[in-house]
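Report on one structure; see the data block that follows.
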Amino acid sequence: MRIHWFQKKLGTNAEVKVVKTYPEFEEYLATKPACDFTFLDHDLGFVDEHGRPGPEGDGVMAAKFLKETFGSDGHNTLIHSFNRGGAARMQALLPRSVVLPFGQFEVEVEE
């Protein structure tokens with residue numbers, strides 16, 4: 001549902017790359033320049049009883065990768081997670097990011 005919503009809002013003129021796991025995220029950005037704008041979610045898949053992410057990874061891993069690989073401070077990054085704790089940990093790594101849970105914001109693309 002979220003991916004479809006973002007694709008619809010961003011339109012056909014925007015070049016959009018969707019990745020669903022941390023390994024896909026890391027693999028894509030290892031061979032591409034940083035994106036103009038990044039939308040991040042925290043919960044990407046399984047979390048065990050100790051709160052550790054499964055093989056899909058989580059948004060904290062993605063935020064850490066952006067910070068360590070590109071020196072990102074979160075400028076032009078929207079964290080759209082409902083997971084408040086996870087979103088807070090992501091924003092601590094990317095202090096200029098904006099945290100707004102999905103459904104509480106609108107996206108408009110300037111032509």
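The values are calculated or read from the model by the stated rules, or taken from the named source; none is laboratory data. All figures in this text were calculated on a predicted structure; none of them were measured in a lab. Positions of Cβ are backbone-derived with ideal geometry, glycine not excepted, and every protein chain shown enters the neighbour counts.
Only one entry in Gly57, Gly85 is farther than 23 Å from Tyr28 by Cα, without any contact (Cβ under 8 Å) to a residue 60 or more places away in the chain and out of contact with any His (no Cβ under 6 Å at 6 or more places or on another chain), namely Gly85.
Conditions (1) among the small types (Gly, Ala, Ser); (2) over 10 Å from the mean Cα position of the chain (by Cα); (3) modelled with pLDDT of 85 or more, marked per residue:
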| residue | (1), (2), (3) |
| --- | --- |
| Pro23 | no, yes, yes |
| Lys32 | no, yes, no |
| Cys35 | no, yes, no |
| Leu40 | no, no, yes |
| Val47 | no, yes, no |
| Asp58 | no, no, no |
| Gly71 | yes, yes, yes |
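Of the residues Ala62, Ala92, the single one that is under 20 Å from Ile3 (Cα atoms) and modelled with pLDDT of 90 or more is Ala62. Every condition in (1) among the aliphatic types (A, V, I, L, M); (2) in contact with a strand residue (DSSP E or B) (Cβ under 6 Å, 6 or more places away or on another chain); (3) in contact (Cβ under 8 Å) with a residue 40 or more places away in the chain is met by Val107 except one, and the failing one is (2). Picking from residues in the range 60-82 that are among the small types (Gly, Ala, Ser) and touching a Lys or Arg at 6+ places or on another chain (Cβ under 9 Å), the one that is nearest to Glu24 (Cα to Cα) is Ala63.
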